[in-house]
Amino acid sequence: MTSETTTPRDRLAAPTHAEMAELFRLISGYRVSQALYVVATLGIPDLLTDGPRDSDELAQVTGMQAAALYRVLRFLAGVGIFREEAPRRFALTPLGAGLRADVPGSIRSTALMLLDEVHWTAWGQLRHSVRTGETAFAQVHGVGNFDYFARHPVTAAVFHQAMTSSTARSGGALAQAYDFAGIRRLVDVGGGHGLLLATMLQAHPTMRGVLFDRPEVVAGARPTLEEAGVANRCEIVGGDFFAAVPPDGDAYLLRQIIHDWDDARATVILANCRQAMGAHGRILVVERGMAPDLRQALPALHLDLEMLVNVGGLQRTDAEYEALFTAAGVRLSAIVPLGDAEQFSVFEGESMAPASRDPSQVWAPAGSVHTDPTGEQEQTPTGA
């Protein structure tokens with residue numbers, strides 16, 4: 001009598017035709033990405049706002065070769081971005097409308113950022129990141145992501161517009177889901193051009209704000225604050241959050257900042273916030289949560305690889321945030337899901353011990369720029 005044994009290989013069923021087709025769809029996703037990038041850069045979704053147009057007409061307006069553009073439009077009609085209503089005549093679908101520049105929270109700037117050659121080439125070196133644990137971006141471009149932005153203002157402008165659009169998609173959810181009661185002075189750390197802070201100030205008319213980011217970033221913030229009608233309640237401060245952050249905030253807001261950095265550097269940022277805030281202050285880290293089910297966590301996992309390739313940070317689980325907070329002398333006091341489509345949560349922290357900052361010292365990090373609500377600036381020289 002012979003006994004039969006099975007191995008894991010024997011038990012693994014051969015993929016079905018449908019599964020092979022799905023695998024091929026995943027492999028060829030770059031074609032969709034680049035086609036989307038082309039129509040986004042050409043502004044074709046905006047050109048279709050008033051109704052269908054012939055592809056030849058679109059080619060003439062955009063300066064493209066007519067037959068080639070038709071093939072791209074036809075391809076994207078196949079994935080649901082456009083609809084071919086008559087031969088060579090295309091309309092924009094509700095899905096494609098998200099690429100229009102005039103739609104609140106438009107994803108167009110995100111497409112321009114993620115699919116630009118600067119970004120795209122780094123992803124072509126993912127294997128370098130997997131082999132070394134280092135960012136492919138620095139391998140390709142010779143400097144880190146944010147240093148590159150400082151040297152290339154056009155690329156930086158696209159990045160900040162993408163961040164502003166992302167804020168537009170979820171800023172309202174933060175104002176509604178989190179209880180800001182008792183917060184009179186809110187410091188937005190790494191707040192870019194200020195849309196998130198403006199949204200919070202609009203929702204809380206007695207609150208005052210401090211917008212804090214690198215000097216070259218906050219230099220472009222005043223129009224956003226003025227348009228929102230909150231400039232008279234907001235200070236604009238330029239500096240380096242690895243050195244210090246503005247003091248005496250009731251809460252320190254960091255949206256998609258901590259995930260940019262490894263644990264050591266993220267701890268420095270959080271510790272600086274803890275040092276600066278009052279005894280009853282709060283730290284509000286707004287990041288995508290990591291669901292235990294990896295299918296549900298896919299948006300965060302996408303971003304996690306983005307951090308690996310281009311920035312150097314990582315997405316973290318609830319337990320990892322708790323450990324990070326503890327290392328910075330902060331207690332993770334609550335996790336508040338925003339209930340938005342992008343799956344953000346507020347990781348709320350409170351100081352474990354009173355801050356030891358000397359209140360007699362005037363805060364002014366080297367090289368900082370401070371703009372008070374009247375618009376007047378004071379420059380602190382390096383080494384001061």
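What label, among (i) 5, 23, 34, 26, 9, 2, 0; (ii) 5, 20, 28, 24, 14, 7, 3, 1, 0, 0; (iii) 4, 19, 27, 24, 17, 7, 1, 0, belongs to P(r) over Cα pairs in 10 Å bins from 0, in percent computed from the structure on display?
Label of the calculated value: (ii).
Any idea how far apart ILE335 and VAL154 come out in nm if each label point goes 7 Å out from Cα toward Cβ?
According to this spin-label approximation, the distance is 4.3 nm.
Measuring from label point to label point, each 7 Å out along Cα→Cβ, what is the ASP240 to GLU85 span in nm?
Using points 7 Å along Cα→Cβ, the separation is 5.6 nm.
Could you give the longest part of the chain that holds none of the trypsin sites (Lys or Arg not before Pro) found in DSSP loops with at most 13 neighbouring Cβ atoms within 10 Å?
Free of exposed loop sites, the longest segment is 1-183.
Counting other Cβ atoms within 10 Å, which GluC sites (Glu not before Pro) in the stretch 73-177 have at most 15 and lie in a DSSP loop?
Those satisfying the criteria are GLU134.
Sequence-distant or interchain residues sharing an amide H contact under 5 Å with ALA334, placed H: which?
Result for ALA334 returns GLU348.
Hey, can you grab everything whose amide H is under 5 Å from the amide H of GLY190? Only 5+ residues off in sequence or another chain; H modelled, so Pro and N-termini drop out.
Result for GLY190 returns PHE212, ASP213.
In which sequence would SER33, SER166 go, from the one with the fewest C-beta neighbours within 10 Å to the one with the most?
Result, fewest neighbours first: SER33, SER166.
Take the Cα radius of gyration of the stretch 157-217 and divide it by 2.2 N^0.38 Å, with N its residue count; two decimals is plenty.
1.11
Considering only C-alpha atoms, what is the centroid distance from the stretch 303-334 to the stretch 114-145, in Å?
Rounded to whole Å, the Cα centres lie 21 Å apart.
What whole-number distance in Å separates the alpha-carbon centres of the stretch 219-242 and the stretch 40-56?
Their Cα centres are 35 Å away from one another.
Report, in deg cm²/dmol and to the nearest 500, the calculated mean residue ellipticity at 222 nm for the chain, where each DSSP H run with n ≥ 4 adds -39500 (n - 2.57) and the sum is divided by the residue count.
Result for the chain, helices only: -12500 deg cm²/dmol.
May I ask you to derive the FRET efficiency for ALA175 and LEU26 from their Cβ-Cβ distance with R0 = 41 Å, giving the value to the nearest 0.05?
That gives a FRET efficiency of 0.65.
For ILE183, ILE236, what ranking results if the residue with the fewest other Cβ atoms within 10 Å of its Cβ goes first?
Taking fewest neighbouring Cβ atoms as first place, the list is ILE183, ILE236.
From Cα pairs below 8 angstrom and at least 6 apart in sequence, can you work out the relative contact order of the stretch 17-100, rounded to a whole percent?
Computed over the stretch 17-100, the figure is 29 percent.
What is the chain's relative contact order, in percent, from Cα pairs under 8 angstrom and six or more apart in sequence?
12
Whole-Hz ³J(HN,Hα) for each residue in the stretch 29-37, computed from phi via Karplus 6.51 cos²θ - 1.76 cosθ + 1.60 with θ = phi - 60°, x for glycine and proline: what do you get?
3J(HN,Hα) across the stretch 29-37, in whole Hz: x, 4, 5, 5, 4, 6, 5, 5, 4.
Taking θ as phi - 60°, what are the ³J(HN,Hα) couplings along the stretch 339-350 by the Karplus curve (6.51, -1.76, 1.60), each to the nearest whole Hz, with x for Gly and Pro?
So the J values, rounded to whole Hz, are x, 8, 5, 8, 6, 7, 9, 9, 9, 8, x, 10.
Scan around ASP262 for amide H atoms under 5 Å from its own, H built in the peptide plane at 1.01 Å from N, and keep only partners 5 or more places away or cross-chain.
For ASP262, whose amide H was placed from the backbone, there are no distant partners under 5 Å.
None of the figures in this text is laboratory data; all of them are computed from the coordinates on show. Since the model is a prediction, treat every value here as computed from it, not as a measurement. In this analysis, Cβ positions are derived from the backbone assuming ideal geometry, glycine residues included, and neighbour counts consider all displayed protein chains.
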